[in-house]
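The values are calculated or read from the model by the stated rules, or taken from the named source; none is laboratory data. As the structure is a prediction and not an experimental result, all values here were calculated from the model. Here the Cβ positions follow ideal geometry from the backbone for every residue, glycine too, while neighbour counts run over all protein chains shown. Quick note on the areas: whole protein, heavy atoms, side chains included, nothing else; ligands and nucleic acids left out. Shrake-Rupley method; radii C 1.70, N 1.55, O 1.52, S 1.80 Å.
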Amino acid sequence: MQIKLAKTAGFCFGVKRAVDAVYLEARTSKNPVYTYGPIIHNETVIEDLKKQGVTVIHSLDELNSHKTGTIIIRSHGVSKKIQEEMEKTGLCVVDATCPFVKKIHKIVSEMNDERQIIIIGDASHPEIQGIVGWAKTPAIVIKDQEELEKISDIPCKKLLVVAQTTFNYKKFEQLVEIFRKKGYDILVFNTICNATQTRQQETKQLAQESDAMIIIGGTQSSNSRKLFEIASKECENTYYIQTLKDLDFCTVKSFCKVGITAGASTPNNIIKEVYTVMSEKSFEQLLNEESLVNVHTGEVVEGTVIRVKEEEIVLNIGYKADGIITRSEYTNTPNVDLRTLVKEGDKMSAKVLKVNDGEGQVLLTYKRLAAEKGNKKLEEAFNNKEVLKAKVTAVLEGGLSVIIDEARIFIPASLVSDTYERNLEKYKDQEIEFVISEFNPKRRRIIGDRKQLLVAKKLEQQKALFEKIKVGDVVEGAVKNVTDFGAFIDLGGADGLLHISEMSWGRIENPKKVFKVGDTVKAFIKDIQGEKIALSLKFPDQNPWKDAAEKFAAGTVVKGHVARMTDFGAFIELTPGIDALLHVSQIAKEHIDKPSNVLKIGQEIEAKVVEFNNEEHKISLSIKALLTQKDEQTKPDENSGNDTKEQE
């Protein structure tokens, strides 16, 4: 079977931009995260975001019931009214509208009543509903020739025509031509996304070259459905699926050429998994790096090892010719030296593959006989949902391969971890636990699943963690990730965020200079909001302001270092966590334009405390006052001089 994957299959720019924005907010925001409507039309992505704590809001009433958090405008965009309502709620608004959709909003909003606005698209689609809401005058929406013919003559003979970004380009041209023939003065903006046009043209060509077509997309995805329509006209064997589980292998296996494409809202991991399974380098070849002879039903023979080479075992089976077991027919472990596993005199059972291998010898297999026994063990494990453990023997393009009793199990990349794994190489030679999620040895489909074990374990750990922790508790964990705004600490069941502002009583310029992945951190819990834990290293007993009233009372002469400067003054670090303001007017007796003219970052200075405010944590310094005080102390005593003159 020849498989060809369309070049433009999967997320377009606008969709990827919107999805990335939601995942970023879900990871970093301390407050609830919402999207106004599903961020994209793909059930798999929406379900995953739900697990990340993202809530979908469907109406203005529901929107107005939330006062805190972040609301994200999806890639389809919203009407002007809804966007204004969002901004009134007090929620943080993140606009992830596709830039190409934004362009249409701008076109229709800037059009006066000189022209009647015509929008070509599906009136029920959220993108169209948003566009209509930006028009200053009522717009007319049509999706096909039938709807166009139902419209009576439009009073205004001047038209402005735009299109849904995912609309069928050929249909758009046909509808525009009908308007022209009716004698209207048309101003046309082809607002169909370039990626959409390319995707549709590519789908048409691929369908013409294929015996069967597979379209991957969500049930609500408009652009995926359009690809299905285009492909169906060119190829009668066209199938629409959401994920790999919807694919009927029995139906498509008989076709020679199969084309695969996907809508703009289909994640790359789903496309890759379907392609991997459908391609010639499928499960059988992913699990067999070398060419293997097909298993034939044959006699099981007993033999004695009479010679062992690095790549070959010779058996005396009581036949006129010796039996040969090659390395590839002994084990699935690549590049192993057979001399380290077998020795002369060992008794072995093997299955006959060929009576004559071309050189007069009997070709035998040991691993396939062992695999049959191993398959029985795996079948029991599958039925009993038993947790298995095995070493990863190979990292393949689409996942991992493990071996149990010479029976191979394939773990797709999507089932290796509960989070996206960019590089699977780290699992090479590692022993991992998994369960068998699919068992079909006849089709060589024995699928392992590690993800569900990790998810279940995390849920147990998370439950146990939240049952025992409370605000104020001191906890210890390892640094899992460091960003510009803070560090995520693995507490064993959940991650806690140690924000940059909570890392020290002093100032932290960059968390990455303070922490690295793997560091052990002991902090206290500052806040718990649902499944989000806020941590802090600013322990109250270490608060530098605790005894500041004594150390920095007004009139005290202190020393410190210039930490930062502004045009109105310099901030002097007296001790970590306590900065005092040295106003520009208090730097010297003479006039200074700005602090940087006389001071440098890191420079040590001596000054007098002229004001101390413990409640607001503010301290004001003056070098000028200190200089004046020193001048007065060194000034001659005039009365003392007069007494001396009188005595003379």
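Taking a 1.4 Å probe, which of Phe11, Phe552 shows the most accessible area, and what order do the others take after it?
Phe11, Phe552
Net charge within 11 Å of Asp567 by Cβ-Cβ distance, Lys/Arg positive one each and Asp/Glu negative one each, not counting Asp567 itself?
0
Taking every pair of Cα atoms in the stretch 520-645, average 1/r, invert it to obtain the Kirkwood radius, and report Rg/Rh to two decimals.
For the stretch 520-645, the value is 1.19.
What label, among (1) 19; (2) 41; (3) 44, belongs to percent of Cα pairs over 50 Å apart computed from the structure on display?
Checked against the structure: label (2).
So, taking all protein chains as they sit and a 1.4 Å probe, how much accessible area belongs to Lys50, in Å² rounded to tens?
Here the accessible area works out near 140 Å².
Compute the orientation-averaged projected area for the stretch 136-223 from the convex hull of its Cα atoms and round it to one decimal in nm².
Result: a mean projected hull area of 7.6 nm².
Which loop trypsin sites (Lys or Arg not before Pro) in the stretch 353-442, with loop taken from DSSP, have no more than 13 other Cβ atoms within 10 angstrom of their Cβ?
Taking the stretch 353-442 and a limit of 13 other Cβ atoms within 10 Å, the loop trypsin sites (Lys or Arg not before Pro) found are Lys385, Arg422, Lys428.
In whole Hz and in residue order, list the ³J(HN,Hα) couplings for the stretch 341-352 that follow from phi through the Karplus curve 6.51 cos²θ - 1.76 cosθ + 1.60, θ = phi - 60°; x for Gly and Pro.
With the stated coefficients, the stretch 341-352 comes to 10, 10, 10, 4, x, 5, 8, 9, 9, 8, 10, 6 Hz.
How would you classify the stretch 1-150 from its alpha-carbon gyration tensor, with a ≥ b ≥ c the square roots of the eigenvalues: rounded for a/c under 1.5, else prolate if a/b is greater than b/c, otherwise oblate?
oblate
Just subtract the alpha-carbon distance of Asp484 and Lys102 from 0.36 nm times their residue separation and send over the number in nm, one decimal.
134.5 nm
Using the alpha-carbon atoms, what tilt in degrees (0 to 90, nearest 10) does helix 169-181 show relative to the longest principal axis of the chain?
Helix 169-181 and the main axis of the chain meet at about 80 degrees.
What accessible area, in Å² to the nearest ten, does a 1.4 Å probe give for His41?
Accessible area, nearest 10 Å²: 30 Å².
On a 0 to 90° scale, report how tilted helix 222-234 is relative to the longest principal axis of the chain, with both axes built from alpha carbons and the result rounded to the nearest 10.
Tilt of helix 222-234: around 30 degrees.
What do you get for the angle between helix 13-28 and the principal long axis of the chain? Use alpha-carbon atoms, 0 to 90 degrees, nearest ten.
Result, in degrees: 60.
By the gyration tensor of its Cα atoms, with a ≥ b ≥ c the square roots of the eigenvalues, what is the shape of the stretch 419-561: rounded for a/c under 1.5, prolate for a/b over b/c, or oblate?
prolate
Between Lys594 and Lys170, what FRET efficiency comes out of the Förster formula 1/(1 + (r/R0)^6) with R0 = 45 Å and r the beta carbon distance, rounded to 0.05?
Computed FRET efficiency for Lys170 and Lys594: 0.10.
Could you rank Thr575, Thr365 by how accessible they are, 1.4 Å probe, largest area first?
Thr575, Thr365
Glu425 to Lys309: extension gain in nm, 0.36 nm per residue of separation minus the Cα-Cα distance?
38.7 nm
Where only protein heavy atoms count, and the probe is 1.4 Å, what is the accessible area per residue for the chain in Å²?
Here the per-residue accessible area is 54 Å².
Each residue of the stretch 115-121 in order: what ³J(HN,Hα) in whole Hz does its phi give by Karplus 6.51 cos²θ - 1.76 cosθ + 1.60, θ = phi - 60°, with x for Gly and Pro?
Rounded to whole hertz, the list is 10, 7, 7, 10, 10, 8, x.
Counting only protein heavy atoms and a 1.4 Å probe, tell me what percentage of the chain's accessible area is made up of carbon and sulfur.
Result for the chain: 47 percent of the exposed heavy-atom area is carbon or sulfur.
Enter the accessible area of Leu498 (Å², nearest 10), with the probe set to 1.4 Å and all protein chains included.
0 Å²
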